[in-house]
Amino acid sequence: MMNIKDPSISKEKYDYRLDLRQRVSYEKWVNFIENHKKYFIWQEETDEGRETLAKLDKIPESFREGIVKGHNKSRAFAEFNPKRSYYEMYVDFNEKYGMVTTTFMKPITKDHLRILLDMANYLDAYLLNNGTEIIDEKVLGSLK
């Protein structure tokens, strides 16, 4: 398998400058997650997310805005690991750049790439490795 680590979804290829002109639709991203709730869960719908929001008044005010923002359909999780008590895949909508980023706590499989490619296609965007390499059906077909 090609060396893929934490792929992203963007309307265009990018480098370290992240000077993107086109933005992924936040509304379409939310719809994709909502339509795939058998696989994904919003951060605010997890036990930990509900506890965090319930204790919001105990969190210093300077941190509250970031916490509320992060618990407002901007991060979804998948594949809960009960032995380790955490989700093994994070998918984030990056509002600043208008793109979707991922974080994996385990090796990425072809199945992971399949759902991310489905998401990218739904968003009329590219699934990218390192911001420059397009992962498409042809690439998926070549993976074991």
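Which whole-angstrom value gives the distance between the alpha carbon centres of region 70-118 and region 1-42?
A separation of 10 Å, based on Cα centres.
Filter Lys11/Lys83; Lys28/Lys83; Lys13/Lys37; Lys83/Lys138; Lys96/Lys144 down to the pairs with a C-alpha to C-alpha distance above 30 Å, please. Present the calculation step by step, with values, prior to reporting the outcome.
Working: Lys11/Lys83 37 Å; Lys28/Lys83 33 Å; Lys13/Lys37 28 Å; Lys83/Lys138 35 Å; Lys96/Lys144 35 Å.
Pairs exceeding the cut-off: Lys11/Lys83; Lys28/Lys83; Lys83/Lys138; Lys96/Lys144.
Applying 1/(1 + (r/R0)^6) with R0 = 41 Å to the Cβ-Cβ distance of Asp111 and Arg21, what FRET efficiency is obtained, to the nearest 0.05?
Numbers: r = 32 Å, r/R0 = 0.78.
Computed FRET efficiency for Asp111 and Arg21 comes out at 0.80.
Accessible area per residue for the chain in Å², computed with a 1.4 Å probe and the full protein assembly in place, what is it? Don't jump to the answer; show the numbers that get you there.
Working: 8830 Å² over 144 residues.
Counting only protein heavy atoms, the per-residue value for the chain is 61 Å².
Where does the chain land at 222 nm, in deg cm²/dmol rounded to the nearest 500, when only DSSP H runs of n ≥ 4 count, each adding -39500 (n - 2.57), divided by all residues? Before the final figure, lay out the partial values.
Numbers: 5 runs with 46 residues, N = 144.
About -9000 deg cm²/dmol.
Summarise the accessible area of the chain (1.4 Å probe, protein heavy atoms) by the percent that is carbon and sulfur. Before the final figure, lay out the partial values.
Numbers: 4380 of 8830 Å².
Reported share for carbon and sulfur atoms: 50 percent.
Against the longest principal axis of the chain, how steep is helix 110-122, in degrees 0 to 90 to the nearest 10, with axes from Cα atoms?
It is inclined by approximately 90 degrees.
Go through Arg84, Arg23, Arg75 and list them by solvent-accessible area, largest first, probe radius 1.4 Å.
Values: Arg84 145, Arg23 120, Arg75 65 Å².
Solvent-accessible surface, decreasing: Arg84, Arg23, Arg75.
Using only Cα atoms and rounding to the nearest 10 degrees, what angle (0 to 90) does helix 61-70 make with the longest principal axis of the chain?
40
Would you mind working out the magnitude of the charge dipole of the chain relative to its Cα centre, with +1 at each Lys and Arg C-beta and -1 at each Asp and Glu C-beta, to the nearest 20 Debye? The partial results should precede the final answer.
Values: 24 positive and 24 negative charges, 48 e Å.
Dipole size: approximately 220 debye.
The values are calculated or read from the model by the stated rules, or taken from the named source; none is laboratory data. The model shown is predicted, which means the values in this text are computed figures rather than measured ones. A quick note on method: Cβ atoms are made from the backbone with ideal geometry, for glycine too, and the neighbour counts reach across all protein chains shown. For accessibility, only protein heavy atoms count, side chains too; no ligands or nucleic acids. Shrake-Rupley method; radii C 1.70, N 1.55, O 1.52, S 1.80 Å.
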